[in-house]
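Here is the structure we will look at.
Throughout, read-outs are computed from the coordinates displayed, never taken from laboratory work. These numbers come from a predicted model, not from an experiment. Here the Cβ positions follow ideal geometry from the backbone for every residue, glycine too, while neighbour counts run over all protein chains shown.
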Amino acid sequence: MLDSDPRQSQFILSSPAKINLHLEILGIRADGFHELAMVMQSVDLADTLFFKANSNARISLTCNNPRLVTDEKNLIIQAAQLLKSRSGLPNLGAIIGLEKRIPIGAGLAGGSSNCAATLIGLNKLWNLEYTPIQLLNLATELGSDIPFTMKGGSQFCFGRGEVLEFIDNLKIKAPNLAILIIKSPETSVSTPWAFKQYKEARQNQYLTEESDFDLRRQILRKGQLTLALKGQAPFPAIQNDLQEIVEEHEESVRQGLNLLKSRTESLAIAMSGSGPSLFALFDTLESAQVAQFQLAVTLRDQGYESWCTSLLSHGIYLDDCNE
Ligand code: C5P
């Protein structure tokens, strides 16, 4: 089953992080997940995954960051096991190496992106020939953000987050845009916790009708953020419905947002996903780097790590596995 060409039996994939440029909670679904309207954006802060064939039917994962679990709780192992069990080929094995750069538990979808890269990588390594659509369906089984991280770029994400619509903006404006991300290494936020808190506080405002959900999707598609991403309007304030909830509980998020607000030249600031990562959006990578440099002492004194990175127009990239 393994490819006889040695160049195909081991390779690496880049697994980029994402930020949320919009996260709107519309209501609750019959399956218990929230109905969302989001804009997600890939960024050039990426982990690297290394794949090598293993003939002893075992799947192993090693990581340069000892804080990361490498057992079945890791989405990489879950993706590998799902792919292997669906293939009906019990002898498949793989050695997977992960070089972690994306902060863990940060709202940047590092784990989801690693999971998407594993589906793409092992599909190739094991010659399974699943189509991109089949891989996206497997991704949906594993988590709400995983389909986005597989396709990446700049997308509207509806439903649980898995219903994707590509925003054709990147040729025009977005490649120049860049962000400064900050995060307190001491803080991490549980996504189920954040959604639960939001539900307890706002359930009485949830929309219930599909026609109302659809209206919100239309408003987002035609709204100022979409125009801004195309370079046709100034950036509006970024909406992240989870931000207020997390800000109330996490001092480092409150303080970090105030810190970023001091950069008046930034186009917008927000928390990403369920946090606690925060970002400021800039016109160019140079402006983001200047802001990082000028904030360096304050960031260090207040205990934040920081990263400057451009926006990306793609997700996990493997020529014949992506449409
Ligand atoms: O799908 P994923 O495993 O990433 O979701 C993690 C948790 O976040 C879910 O178990 C749920 O509590 C919450 N969530 C939600 N609605 C969504 C996505 C996630 O309530 N659309």
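Structural remarks
- Estimated D of region 256-323 in µm² per second, where Rh is the Kirkwood radius over Cα pairs and Stokes-Einstein applies at 10 °C, 1.306 mPa s: 117 µm²/s
- In plain terms, the bigger the Kirkwood radius, the slower the diffusion; for the chain, with that radius from Cα pairs, at 20 °C and 1.002 mPa s, Stokes-Einstein puts D at 106 µm²/s.
- Cα long-axis angle, helix 132-142 against the chain (0 to 90 degrees, to the nearest 10): 70 degrees
- Computed lengthening from T191 to K222, 0.36 nm per intervening residue step minus Cα-Cα distance: 8.3 nm
- For region 38-55, putting each phi into the Karplus relation 6.51 cos²θ - 1.76 cosθ + 1.60 with θ = phi - 60° gives couplings of 10, 10, 10, 9, 6, 10, 8, 10, 9, 8, 10, 10, 10, 10, 9, 5, 9, 8 Hz, in residue order, rounded to whole numbers and with x for Gly and Pro.
- Other residues lying with their Cβ under 13 Å from the Cβ of I19 contribute a combined charge of 0, Lys and Arg counting +1, Asp and Glu -1.
- Angle of helix 285-302 to the longest C-alpha principal axis of the chain, folded into 0 to 90 degrees and rounded to 10: 80°.
- Rounded, prolate or oblate (a/c below 1.5 giving rounded, otherwise prolate when a/b exceeds b/c) for region 56-136 by Cα gyration tensor: oblate
- For region 6-167, the equivalent ellipsoid derived from the Cα gyration tensor has semi-axes of 27, 17, 14 Å, listed largest first.
- Potential lengthening between I28 and E200 on full extension [0.36 nm per residue; Cα-Cα distance subtracted]: 60.7 nm
- Between region 12-53 and region 95-141, the alpha-carbon center distance in angstrom: 11 Å
- The angle between the Cα long axis of helix 191-202 and the main principal axis of the chain comes to about 40°, on a 0 to 90 degree scale.
- For region 6-167, lysine pairs with C-alpha atoms less than 20 angstrom apart, excluding pairs fewer than eight positions apart on the same chain, total 9.
- Region 178-310 - convex hull of the alpha-carbon atoms, volume per residue in Å³: 111 Å³
- Summed over qualifying helices (DSSP H, 4 residues or more, each -39500 (n - 2.57)) and divided by its residue number, the chain shows a 222 nm mean residue ellipticity of -10500 deg cm²/dmol.
- Derived scalar couplings between HN and Hα for region 255-266 equal 5, x, 5, 4, 4, 5, 4, 5, 8, 5, 7, 6 Hz in order, rounded to whole Hz, by the Karplus curve 6.51 cos²θ - 1.76 cosθ + 1.60 (θ = phi - 60°), x for Gly and Pro.
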